[in-house]
Amino acid sequence: MPSPFLALASTLFPRLGIRLSWRSTWLALWLAVCAPVAGAAPWLVDGRPAPVAQQAVDILAAAATEGLQPDDYRASALAQAVASAARGPALGPDAAQQLENALTTALQRYLGDLRSGRIDPRQIQQNYTPPAAPRIDATTTLQQALAAPSLADAVRAAAPQVPLYASLRTELARYRALGAPAAWATPLPALPGRKLEAGQAWAGLAQLTQRLVVLGDLPADAQPPALYDEALQNGVKAFQQRHALASDGVIGKATLDALAISPAARVRQIELAMERLRWTPLLRGPRMIVVNIPEFVLRAYEVQDGRVSLQLAMKVIVGKALDTRTPLFDEDMRFIEFSPYWNIPPSIARSETIPRLRRDPGYLQQQGMEFVGANGQVHSTLAPEYLDAVLRGQMRIRQRPGPKNALGDIKFVFPNNSNIYLHHTPAPLLFQRDRRDFSHGCIRVEDPVALAQFVLRNDPAWPEARIREAMARGQSATLRLAEPLPVVIAYSTTIVKQGQLHFFADLYGQDRLLEQALRQQSEQRRMRAGVP
């Protein structure tokens, strides 16, 4: 099946024979070659706009179709300037040069934004590794692009060339075409109780029907019922399934809140997802693992003959939104630990483990814990001086392998500064929850055997039976991978899978941070351009 989130993937596959890096690279390339390019394909000829100038202003005016803001590129002012130059007297050398420079600057900015995004993701706590700078003949490449039959086609090649991006662009156009439907003109009325179930009457049934029709969760000819019937319930179930809600057809607070979000707000959510696709570092190798935090899903991908295929998908549990959020970054998986020890992080030891041990000394043996000194000496009994030593950073507490070990029976290690890893769990019932942010930051995986099989697929020495035996042995052992495997901890509240648009809650407030960063950048651009 085609990839849904790695539709988030082959974004690193270059177009026009280029392997581009961050936005700054695009800007540098354009600045370096704008004079030769202008000579090869000038925006103006004898003071009059050439056809390519009109193509450029049309591209900038349509920036919204790519989830970008036309005002960021002075699209309206440039369109007026080109139109005026076409109708009025031919521009003199100075005025012509000024307009050519303005068009070059605007298109340069647009290309940089379209290809690599408008901000550095590290501004919003997303610590992704930028790709290496390209080694290309920038002048020749850009001349070829401007010499193409259609500048629009050449520019479109700068956009992320991944199925998800194209799908989101299509959905963006569909949602933007909805405008401001009357069904959202007034809020839905209060529910008759804490929830609405089958067979109940409700003053909002007609308005609910209208909203579901607009969103495509009910047929266009659907009529509002007198009571909450099966047909309308099915529409609600479809809506719930697309919004990561329990698809039981029962309308409670969570469903009512999701129904309240207007198509215009969803437009912005789609735009933010497209922005992230421009700088999330995907497909750095022939195989990779992507965790989408708001979706609580891990996917594993493989690339063969240039085609990306989904190999594995499973539920995950991520860090608590309140205080132990899973950080967003990319690293290479290098080890698997079977029957691992859990070295309790100092912060957890101070805030949770030591207070529990002071209240209940038997908790140490019950949970299979022990103290380890700086010299590696192990103490399996509880003593006040050991607790004090842990608080001073002179000892640590670890949990031995076994059925109560917090990491379960396997741990997937991709070394990073945050000490985050993938692991199993002794509490699998939590995977049945719709919202799954329960961890201290690490990521618990639903099917660790399947994940280990994917990771070790190219190693014939590790069939499924041996993986299971190592997990059950109860003796800690570390396996170094022959080939590092890229892991990306990503964040997208909107994806398209199986042809349907899905939305997820902004679990960590990252959409809000990105929106603020983009707004500030637009304001700064207007100030630099002298636009009020």
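Please determine whether any residue of segment 78-87 is surrounded by fewer than 20 Cβ atoms within 10 Å (Cβ to Cβ) and basic (Lys, Arg). Steps first, please.
As a first pass, look at segment 78-87 and keep what is surrounded by fewer than 20 Cβ atoms within 10 Å (Cβ to Cβ): 79-80, 83-84, 86-87.
Keeping just the survivors that are basic (Lys, Arg) gives 87.
Yes, because at least one residue in segment 78-87 is surrounded by fewer than 20 Cβ atoms within 10 Å (Cβ to Cβ) and basic (Lys, Arg).
Check every one of the strands (runs of 3 or more DSSP E) wholly within segment 344-446 and list those with 1 or more residues that are under 37 Å from the mean Cα position of the chain (by Cα) and under 23 Å from ALA313 (Cβ atoms).
Details: elements: 369-373, 395-399, 410-413, 437-439, 443-445.
Those strands (runs of 3 or more DSSP E) span 410-413, 437-439, 443-445.
Which residues, taken from segment 317-327, are surrounded by fewer than 21 Cβ atoms within 10 Å (Cβ to Cβ) and not polar (S, T, N, Q)?
So in segment 317-327, the residues surrounded by fewer than 21 Cβ atoms within 10 Å (Cβ to Cβ) come out as 320-325, 327.
Scanning segment 317-327 gives LYS320, ALA321, LEU322, ASP323, ARG325, PRO327.
Please specify each residue of segment 116-142 satisfying the condition of being outside any loop (DSSP other than H, G, I, E, B) and either on the phi > 0 side of the Ramachandran plot or at pLDDT 85 or above (or both). It would help to see each step written out before you state the result.
Of all residues in segment 116-142, those outside any loop (DSSP other than H, G, I, E, B) come to 116, 121-124, 126-127, 138-142.
SER116, PRO121, ARG122, GLN123, ILE124, GLN126, ASN127 - these are the residues of segment 116-142 that are outside any loop (DSSP other than H, G, I, E, B) and either on the phi > 0 side of the Ramachandran plot or at pLDDT 85 or above (or both).
Pick from segment 68-77 the residues that are hydrophobic (A, V, I, L, M, F, W, C) and surrounded by 20 or more Cβ atoms within 10 Å (Cβ to Cβ): which of them is nearest to SER116 (Cα to Cα)? Outline the logic, then answer.
Taking segment 68-77 first, the residues hydrophobic (A, V, I, L, M, F, W, C) are 68, 75, 77.
Within this subset, residues satisfying the condition of being surrounded by 20 or more Cβ atoms within 10 Å (Cβ to Cβ) are 68, 75.
On the way: LEU68: 12, ALA75: 20 Å.
Here the residue is LEU68.
Determine which member of the set GLU464, GLU523 is of a type in the set (D, E, K, R) and farther than 21 Å from GLU275 by Cβ. Don't jump to the end; show me each part of the working.
Details: GLU523 fails: farther than 21 Å from GLU275 by Cβ.
Exactly one residue qualifies, and that residue is GLU464.
Which residues, counting only those in segment 387-415, are in contact with a strand residue (DSSP E or B) (Cβ under 7 Å, 6 or more places away or on another chain) and without any contact (Cβ under 8 Å) to a residue 40 or more places away in the chain?
Hits for segment 387-415 are ALA389, MET395.
Each row is one residue, and each column tells you yes or no for (1) closer than 21 Å to VAL449 by Cβ; (2) not hydrophobic (A, V, I, L, M, F, W, C).
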residue: PRO384; (1), (2): no, yes
residue: ASP388; (1), (2): no, yes
residue: LEU391; (1), (2): no, no
residue: ILE397; (1), (2): no, no
residue: ARG400; (1), (2): no, yes
residue: LYS404; (1), (2): yes, yes
residue: TYR421; (1), (2): yes, yes
residue: LEU430; (1), (2): yes, no
residue: ARG436; (1), (2): yes, yes
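Need pairs with beta-carbon distance below 7 Å; first residue of a type in the set (Phe, Trp, Tyr) and within segment 114-128, second in a helix (DSSP H, G or I) and surrounded by 19 or more Cβ atoms within 10 Å (Cβ to Cβ); sequence gap 6+ or separate chains.
Within 7 Å, the pairs are TYR128/PRO121.
Which residue, of ALA505, ALA450, ALA517, ALA465, is assigned to a loop (DSSP other than H, G, I, E, B) and of a type in the set (A, V, I, L, M, F, W, C)?
Numbers: ALA450 fails: assigned to a loop (DSSP other than H, G, I, E, B); ALA517 fails: assigned to a loop (DSSP other than H, G, I, E, B); ALA465 fails: assigned to a loop (DSSP other than H, G, I, E, B).
None of the other options fit; the residue is ALA505.
Hey, could you check segment 47-67 for residues that are farther than 14 Å from VAL155 by Cα and buried (at least 19 other Cβ atoms within 10 Å of the Cβ) and say which is farthest from the chain's Cα centre (by Cα)?
Among those residues, the one meeting the criterion is PRO49.
Only one of these is surrounded by fewer than 22 Cβ atoms within 10 Å (Cβ to Cβ), modelled with pLDDT of 95 or more, assigned by TED's automatic domain parsing to the domain that holds MET333 and over 19 Å from ASP437 (Cα atoms): LEU256, LEU227, LEU312. Name it. Walk me through it before giving the result.
Working: LEU256 fails: assigned by TED's automatic domain parsing to the domain that holds MET333; LEU227 fails: assigned by TED's automatic domain parsing to the domain that holds MET333.
When all the criteria are applied, what remains is LEU312.
Filter segment 88-105 for residues that are crowded, with 18+ Cβ neighbours inside 10 Å and not aliphatic (A, V, I, L, M); which is farthest from LEU164 (Cα to Cα)?
Within segment 88-105, the match that is farthest from LEU164 (Cα to Cα) is GLU100.
Restricting to segment 228-252, what's the tally of residues that are in contact (Cβ under 8 Å) with a residue 40 or more places away in the chain and either more than 20 Å from VAL496 (Cβ to Cβ) or in a loop (DSSP other than H, G, I, E, B) (or both)?
The number of residues fulfilling the criteria is 8.
In segment 442-459, what residues are at pLDDT 95 or above and not charged (D, E, K, R)?
CYS442, ILE443, VAL445, PRO448, VAL449, ALA450, LEU451, ALA452, GLN453, PHE454, VAL455, LEU456
Looking only at residues in segment 453-462 that are of a type outside the set (D, E, K, R) and outside any helix (DSSP H, G or I), which one is nearest to VAL413 (Cα to Cα)? Please lay out each step first, then the result.
Start the filter on segment 453-462 by keeping residues that are of a type outside the set (D, E, K, R), which leaves 453-456, 458, 460-462.
Filter once more, keeping what is outside any helix (DSSP H, G or I): 456, 458, 460-462.
Values: LEU456: 13, ASN458: 18, PRO460: 21, ALA461: 20, TRP462: 17 Å.
Among them, the one singled out is LEU456.
The values are calculated or read from the model by the stated rules, or taken from the named source; none is laboratory data. Here the structure is a predicted model, which means the values were calculated and not measured. Backbone-built Cβ (ideal geometry, glycine too); neighbour counts: all protein chains shown.
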